[in-house]
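The structure appears right after this line, and notes come after that.
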């Protein structure tokens, strides 16, 4: 998605540790008109699939997933990173290591919101090492649901997450794939439309 690449170049900031800050439009302050275009693009890429639920993990993926879900006409379910008093009943659980936060989270989802009848599209903001997506795939497997694909806004192609997921036969579509990045330059992989 060329417009996304241009926005990353204009507004993104590279920080030490291969961190790309896009908090001015994607995951702190959200440019809703732009994220609407992202949702349309995910629908273009996955609209021929039998999607019954969109799944993400809190927190940065929720807004993107919600806007995308409007185009599919399905609910969004998000896995929580902490147990809360309003979660009751049976839960799916897994552990997810956060690349940016450098810690492991217990990720949980109520079993009443994901069943073996569901066809799931995972949506998230970033893909680096693939830990969050792998955790969500584990939850989908626990539910006996079907994975229809994984939509990622920004993939760090120089890290192994995307390659590993694709090697397992997971249909991963990223709107922008960063080939390399330094403090002064970001290079994107060429993609077919």
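Among the residues of segment 12-34, how many are surrounded by 15 or more Cβ atoms within 10 Å (Cβ to Cβ), free of Cβ contacts under 8 Å to residues at least 60 places away in the same chain and within 24 Å of residue 105 (Cβ to Cβ)?
1
For residues that are closer than 24 Å to residue 143 by Cα and surrounded by fewer than 19 Cβ atoms within 10 Å (Cβ to Cβ), tally how many sit in segment 64-74.
Selection size over segment 64-74: 4.
Across segment 134-160, what is the total count of residues that are assigned to a helix (DSSP H, G or I) and touching a residue at least 24 places away in the same chain (Cβ under 8 Å)?
Residues flagged as assigned to a helix (DSSP H, G or I) and touching a residue at least 24 places away in the same chain (Cβ under 8 Å) within segment 134-160 amount to 9.
Scan segment 88-109 and give yes if some residue there is free of Cβ contacts under 8 Å to residues at least 40 places away in the same chain, surrounded by fewer than 18 Cβ atoms within 10 Å (Cβ to Cβ), on the phi > 0 side of the Ramachandran plot and touching a helix residue (DSSP H, G or I) at 6+ places or on another chain (Cβ under 7 Å), otherwise no.
The answer is yes; a qualifying residue exists.
Would you mind finding the one in 51, 77, 107 that is part of a loop (DSSP other than H, G, I, E, B), under 17 Å from the mean Cα position of the chain (by Cα) and within 29 Å of residue 143 (Cα to Cα)?
Selected residue: 51, the only one of 51, 77, 107 that is part of a loop (DSSP other than H, G, I, E, B), under 17 Å from the mean Cα position of the chain (by Cα) and within 29 Å of residue 143 (Cα to Cα).
Criterion first (assigned to a loop (DSSP other than H, G, I, E, B) and at pLDDT below 95) does residue 83 satisfy it?
Answer is yes for this residue.
Inside segment 5-27, can you point out the residues that are part of a helix (DSSP H, G or I) and either farther than 11 Å from residue 178 by Cβ or at pLDDT below 90 (or both)?
6, 7, 10, 11
Is there a residue in segment 141-154 that is within 14 Å of the chain's Cα centre (by Cα), buried (at least 23 other Cβ atoms within 10 Å of the Cβ) and farther than 22 Å from residue 72 by Cβ?
no
Those residues that are over 20 Å from residue 23 (Cβ atoms), in contact (Cβ under 8 Å) with a residue 24 or more places away in the chain and part of a helix (DSSP H, G or I), I need them from segment 35-48; list them, please.
40, 41, 42, 43, 45, 46
Which one of 179, 163 is surrounded by fewer than 16 Cβ atoms within 10 Å (Cβ to Cβ) and outside any strand (DSSP E or B)?
The unique qualifying residue is 163.
Taking the stated definitions as given, is residue 116 on the phi < 0 side of the Ramachandran plot, assigned to a loop (DSSP other than H, G, I, E, B) and touching a helix residue (DSSP H, G or I) at 6+ places or on another chain (Cβ under 9 Å)?
yes
Restricting to segment 166-176, give me the number of residues that are buried (at least 20 other Cβ atoms within 10 Å of the Cβ) and under 25 Å from residue 92 (Cα atoms).
Summing the residues that are buried (at least 20 other Cβ atoms within 10 Å of the Cβ) and under 25 Å from residue 92 (Cα atoms) in segment 166-176 gives 1.
Among (1) within 26 Å of residue 186 (Cα to Cα); (2) part of a helix (DSSP H, G or I); (3) touching a strand residue (DSSP E or B) at 6+ places or on another chain (Cβ under 8 Å), where does residue 69 come up short?
(1)
The values are calculated or read from the model by the stated rules, or taken from the named source; none is laboratory data. This structure is a prediction, so every number in the text was calculated from the model and none was measured. Note that we place each Cβ from the backbone using ideal geometry, even for glycine, and neighbour counts take in every protein chain shown.
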